[in-house]
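One structure below.
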Amino acid sequence: MIILLKKEAEESQVQGLLSLLESKNITPHISRGSMQTVIGCVGDVSHIDPGLIEALDAVEAVQRIQEPYKAANRKFHPDDTVVDCSGVKVGGGNFSVIAGPCSIESEEQICTIAKAVKASGATMLRGGAFKPRTSPYSFQGLGKAGLDMLLAAKKETGLPIVTELMDFADIELFNDVDVIQIGARNMQNFNLLKEVGSYTKKPVLLKRGMSATIQELLMSAEYIMASGNPNVMLCERGIRTFETVTRNTMDLAVVPALHRLSHLPVVVDPSHATGYAHLVAPVAVAATAIGADALIIEVHNDPPHARCDGVQSQTPAMFDAMMKKIRTVRNAGLS
Ligand code: PEP
Ligand code: MN
């Protein structure tokens with residue numbers, strides 16, 4: 001249920017309404033937007049008579065929300081959410097490019113790549129220390145040692161860092177991490193979502209599961225938000241279809257579709273979506289034009305020798321050339 005307030009509603013009336021809702025075991029989420037102030041109600045609203053609420057002086061209208069996602073719903077929060085990643089803003093017209101290797105391999109590797117992508121205009125650094133690999137025999141990431149290397153690259157470049165948390169038992173190692181990535185394979189690890197949501201308000205980059213629907217992605221965001229963390233960024237990284245020419249299938253219509261359904265920023269990952277370095281720039285450019293709030297791109301200084309996802313990794317030179325095109329699209333104001 002959402003309650004639309006009148007423009008002239010007095011603060012004391014609003015506070016009275018919030019207390020009334022809380023006394024009925026409803027958690028109110030107030031969103032003071034540019035056009036309208038909205039109170040989203042989370043909890044069992046079946047015992048509330050909308051007519052009684054509508055009769056209050058401060059209230060313009062009461063609407064039921066059909067969708068199962070509430071806090072993530074655009075109806076709850078009409079304005080775009082802007083997620084602040086240690087000073088780098090994503091959403092609401094703020095555009096960001098996150099870049100770096102699939103996995104951290106050495107301090108020299110991550111620092112070299114970090115400096116290169118920063119020089120080309122990246123605003124955040126990615127790098128995996130805990131890697132979800134299909135095969136138990138593949139490189140699993142450097143773990144804590146890798147995180148320390150990523151922190152060294154953060155110190156050297158000043159770029160906020162994004163890295164994947166696979167197991168909540170590792171959360172204390174993430175104190176100086178700026179954005180926690182929840183990977184595609186963990187999108188429906190509901191315990192992990194609840195634990196992260198209740199432990200921290202740090203931004204979470206939530207990747208779409210490879211067989212998840214858009215509604216399932218939004219329900220996973222809802223888990224994090226309902227647990228107390230509103231700073232969620234939705235990441236489209238392609239889904240599995242019958243197609244084999246690309247690693248996954250990227251449906252860019254997801255970007256405007258998500259923007260319509262939700263106020264959360266939408267990040268596009270053309271690296272995992274396509275699986276091939278030569279496809280990354282065209283999809284990144286298209287994602288920028290269609291309105292993505294951020295891109296996340298895999299970049300490696302020596303892709304043929306990368307320990308993970310080398311085939312889809314751009315070289316720093318490819319990344320630099322792509323960034324020039326992205327700036328052209330942004331400056332053209334298409335999105
Ligand atoms: C990654 O970002 O390197 C990764 C493993 O992504 P995904 O979870 O989308 O497969
Ligand atoms: Mn990868």
Original post:
In the set Ala317, Ala294, Ala286, Ala321, which member is outside the structural domain of Ser34 (by TED's automatic domain parsing) and either under 26 Å from Tyr137 (Cα atoms) or within 16 Å of ligand 1 (Cβ to nearest atom) (or both)?
Top reply: Ala294
**OP:** Give the residues of region 52-73 that are part of a loop (DSSP other than H, G, I, E, B), in contact (Cβ under 8 Å) with a residue 60 or more places away in the chain and in contact with a helix residue (DSSP H, G or I) (Cβ under 6 Å, 6 or more places away or on another chain), sorted by residue number.
**Re:** Tyr69, Ala71, Ala72
**OP:** Considering every residue within region 245-260, establish whether at least one is in contact with a Ser or Thr (Cβ under 6 Å, 6 or more places away or on another chain), open to solvent by less than 10 Å² (accessible area, probe 1.4 Å) and of a type in the set (A, V, I, L, M, F, W, C).
**Re:** no
Original post:
For Ile171, which of the numbered conditions (1) surrounded by fewer than 24 Cβ atoms within 10 Å (Cβ to Cβ); (2) of a type in the set (Val, Ile, Thr); (3) assigned to a strand (DSSP E or B) fails to hold?
Top reply: (3)
Original post:
Which of the residues that make up region 104-146 are away from ligand 2 (no atom under 16 Å from the Cβ), in a helix (DSSP H, G or I) and either without any contact (Cβ under 8 Å) to a residue 24 or more places away in the chain or surrounded by fewer than 23 Cβ atoms within 10 Å (Cβ to Cβ) (or both)?
Top reply: Glu107, Glu108, Cys111, Thr112, Lys115, Ala116, Lys118, Ala119, Lys144, Ala145
**OP:** Could you list, in sequence order, all residues of region 207-256 that are among the aromatic types (Phe, Trp, Tyr) and in contact with a Gly (Cβ under 8 Å, 6 or more places away or on another chain)?
**Re:** Tyr223
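Tell me which residues, restricted to region 179-194, are out of contact with any helix residue (DSSP H, G or I) (no Cβ under 8 Å at 6 or more places or on another chain) and not β-branched (Val, Ile, Thr).
First, the residues of region 179-194 that are out of contact with any helix residue (DSSP H, G or I) (no Cβ under 8 Å at 6 or more places or on another chain): 179, 181, 183, 185, 189.
Of everything in region 179-194, those that are out of contact with any helix residue (DSSP H, G or I) (no Cβ under 8 Å at 6 or more places or on another chain) and not β-branched (Val, Ile, Thr) turn out to be Gln181, Gly183, Arg185, Asn189.
The values are calculated or read from the model by the stated rules, or taken from the named source; none is laboratory data. Model, not experiment: these values are computed from the prediction. No Cβ is skipped: glycine too gets one built from the backbone with ideal geometry, and neighbour counts run over all protein chains shown. Accessible surface areas use protein heavy atoms only, side chains included; no ligands, DNA or RNA. Shrake-Rupley method; radii C 1.70, N 1.55, O 1.52, S 1.80 Å.
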